[in-house]
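What follows is one structure encoded as structure tokens, with my remarks underneath.
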Amino acid sequence: MAADDNGSGIDMTDAPPLIVKAQFIKDFSFEMPNAPAIFGRLSAEPEIEVRIDVHPEELEGDDYLVVLNIEARATVEDETAFVAELEYAGLFELNSSIPEEYIGSILLVECPRILFPFARNIIASATQESGMPPLMLQPIDFNAIVQAQLVQGAGTA
């Protein structure tokens, strides 16, 4: 049986297709502009708005930087309870045998999928340490996001 008989056509004998070289907080901000007064209003359920973006960048050789941006904003009775902004990054090496048509999916789906649990933990810890209930972000289907962007892009072209 051939070494690349995994259905992908990628030779898996030389090196793994994806190596995580580093993960790190690139930028992080947590603000509670209405503290301590906001704690008196916590009897109402905070309204949470979350935005997530992924920004891949090609570096030298087979290295790529993928930055997962998460912005979470909580409001209670039209007042800001907190704003958390996180840029969590990963330095990834992609095996040079990966076909070009797969690289975009790896950078926009697989790499963020690896980074997300760590970023989620940072947001949850920061909100809990602020005196607020921990914000537990729900798992993200990065593949669905990419597919929706492709459909939206095709509709505007």
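None of the figures in this text is laboratory data; all of them are computed from the coordinates on show. Remember, predicted model here, so these are calculated numbers, not experimental data. All Cβ positions, even for glycine, are placed from backbone atoms using ideal geometry, and neighbour counts span all protein chains on display.
Is it possible to state the helix-based mean residue ellipticity at 222 nm for the chain, with each DSSP H run of 4+ residues giving -39500 (n - 2.57), the sum divided by total residues, to the nearest 500 deg cm²/dmol? What is it?
Rounded to the nearest 500, it is -8000 deg cm²/dmol.
Take the Cβ atoms of residue 57 and residue 80, set R0 to 35 Å, and the FRET efficiency comes out at 0.65. Fewest neighbouring Cβ atoms within 10 Å first, the residues 64, 102 line up as 102, 64. The stretch between residue 43 and residue 121 holds 25.6 nm of extra length on full extension. This uses 0.36 nm per residue minus the Cα-Cα distance.
Along the chain, the exposed loop sites are GluC sites (Glu not before Pro) outside DSSP states H, G, I, E and B with at most 13 other Cβ atoms within 10 Å, and the longest stretch free of them is 78-157. GNM remark for the chain: springs join alpha carbons under 10 Å apart, and the peak mean-square fluctuation among 89, 44, 124 falls on 44. Inter-label distance, residue 100 to residue 113: 2.5 nm, where each label sits 7 Å from its Cα along the C-beta direction. Relative to the longest principal axis of the Cα atoms of the chain, the long axis of helix 142-156 makes an angle of roughly 90 degrees.
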